[in-house]
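Reviewing the structure listed below.
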Amino acid sequence: MTENKIIIAGAGLVGTSLALSLKRTELTIQILENHLPEIITQSHHNTRPISLSYGSVRTLKAIGVWDELEKFACPILSVHVSEKGKFGFTTFSATEQKVPALGYVVPFSQLQSALYHQTAAQKNITFTAIESIEKIKCQANGAIIYFHSASGKAEIKADLFIAADGTHSTCRNLLGIAHSEKNEGDIAQIYQLQLSENHNHTAYERFTKLGVLAVLPLFEKNKMQLVWTITPTVAKKIADWSDDTVLKFLQDSFEGRLDIMAAQKSAQFPLKITLAEKQVTESAVLLGNSAHTIYPVAAQGFNLGLRDVTILTDTIIEALKNKKNINDLSVLKKYEERAKKNQEAIFFITNKLTPLFDLPLIGGLRGLGLLSIDLINPLKNKLAKRTMGVAK
Ligand SMILES: Cc1cc2nc3c(=O)[nH]c(=O)nc-3n(C[C@H](O)[C@H](O)[C@H](O)COP(=O)(O)OP(=O)(O)OC[C@H]3O[C@@H](n4cnc5c(N)ncnc54)[C@H](O)[C@@H]3O)c2cc1C
């Protein structure tokens, strides 16, 4: 049996970010991944862009991957949030907030690849290609992970085990952690939009009767990506729409704010919300989508996972300084308590609790407005009060 300090299951965006974030601790880290090497080659076919908040970019700079990504990044200089048929809109701008950009849009493939290559270059981090994880035995003083790989069965001991294996997490089940799931059959349809003019680095979020339209500016200045979140009823209604009908709907929806010349559907994703009943157990932590999966309407899933990564890293470093074991349940519970505070504010907004957001400015914090949530303290406080049910 090999001794290891931290074992991470999953070399996705969150697993690799945690490994890199922990590099300054010099702990030994081993990542088990069941899609190696495909996650790197396949990610190049995943052309969907991902939007990173201002806070996420700061973290990516700190862990050494931003230099590689910056050349593909499109800055978001303003966010425009509005509702069709309702008067008024809300905008946030980088100038107002006195920051270079509210956030950035990067290709998913480049982000995954930059994180993977930077992780692989670290001396204290190794990757192991596995086929499956069969059993996880967690105790107060460590975890044993039993897995299958091409060379047969193996087991490995970790002081701390991190399950970063995504929404359908096998590890969450093996750890015996229940989760709640809300699956109403909603879908995210992805379209590439061609504009007749420059997008001016503006992102849009438009609430319509046929779903939420979230539009991100892309590196090419006359191209944008639309994530259109729809219910099954809307999906049925638009199923036989021609390309021209879709285009006309989008043009009408934006009422001249965006001069869309063409819209081409590139992908679609089934959506569900999942939330683990708890995020820590003896010597183990659920991280990223395995702990919580939210709708992409707010472009926040990875941003939230990355915030958890920072909180976990800080908690581990604090434990090491105080000569505490990193698997001490009180340490892990401290992490969970800290992470949940941030998660709750984001869940509250993304889980479609729209009636609570009547105030125009608070309403603007829905969705893409969240890109700037970490920059707007008075509003954040108002939102927190409302979340706690103490808003006047
Ligand atoms: C349409 C869409 C648009 C989005 N846009 C945004 C956006 O703009 N901004 C944003 O912040 N977020 C966005 N997200 C969310 C974001 O993509 C996810 O939150 C993020 O990818 C989750 O990362 P993860 O590492 O937790 O999980 P995953 O990316 O799912 O990675 C899990 C990894 O674990 C591996 N794995 C699985 N099972 C095992 C096992 N048993 N053993 C070992 N390895 C295993 C997988 O192969 C994978 O590599 C979007 C999501 C969707 C669907």
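Mind telling me which of the residues 248, 278 ends up being charged (D, E, K, R) and farther than 30 Å from residue 138 by Cα? So that I can check it myself, show each step before the final result.
Working: 278 fails: farther than 30 Å from residue 138 by Cα.
Unique residue meeting the criteria: 248.
So which of 142, 152 is farther than 30 Å from residue 299 by Cα, modelled with pLDDT of 95 or more, more than 14 Å from the ligand (Cβ to nearest atom) and crowded, with 19+ Cβ neighbours inside 10 Å? Steps first, please.
Working: 152 fails: crowded, with 19+ Cβ neighbours inside 10 Å.
It is 142.
Every residue in the stretch 26-59 that is more than 8 Å from the ligand (Cβ to nearest atom) and at pLDDT 90 or above, please.
Once the filter is applied, which keeps residues that are more than 8 Å from the ligand (Cβ to nearest atom) and at pLDDT 90 or above, the stretch 26-59 yields 27, 28, 29, 30, 31, 57, 58, 59.
Condition check: at pLDDT below 95, within 13 Å of the ligand (Cβ to nearest atom) and within 28 Å of residue 145 (Cβ to Cβ). Does residue 115 satisfy that? Lay out the reasoning, then the answer.
Working: at pLDDT below 95: no; within 13 Å of the ligand (Cβ to nearest atom): yes; within 28 Å of residue 145 (Cβ to Cβ): yes.
So residue 115 does not fit the description; no.
Hey, can you tell me all the residues within the stretch 189-212 that are aliphatic (A, V, I, L, M) and more than 20 Å from the chain's Cα centre (by Cα)?
193, 195, 210
Here is a check on your reading of the model: is residue 191 of a type outside the set (D, E, K, R) and more than 10 Å from the ligand (Cβ to nearest atom)? Break it down into steps so the answer makes sense when it comes.
Working: of a type outside the set (D, E, K, R): yes; more than 10 Å from the ligand (Cβ to nearest atom): yes.
So residue 191 fits the description; yes.
Looking at the stretch 193-211, can you tell me whether even one residue there is modelled with pLDDT of 95 or more and over 30 Å from residue 259 (Cα atoms)?
No: zero hits.
I'd like the full set of residues that are more than 6 Å from the ligand (Cβ to nearest atom) and of a type outside the set (Gly, Ala, Ser), limited to the stretch 156-166. I'd like the intermediate steps shown before the answer.
Of all residues in the stretch 156-166, those more than 6 Å from the ligand (Cβ to nearest atom) come to 156-163.
Result: 156, 157, 159, 160, 161, 162.
The values are calculated or read from the model by the stated rules, or taken from the named source; none is laboratory data. On a predicted model such as this, the values are computed, not experimentally measured, just so you know. With ideal geometry, Cβ positions are generated from the backbone for all residues, glycine too; neighbour counts draw on all protein chains shown.
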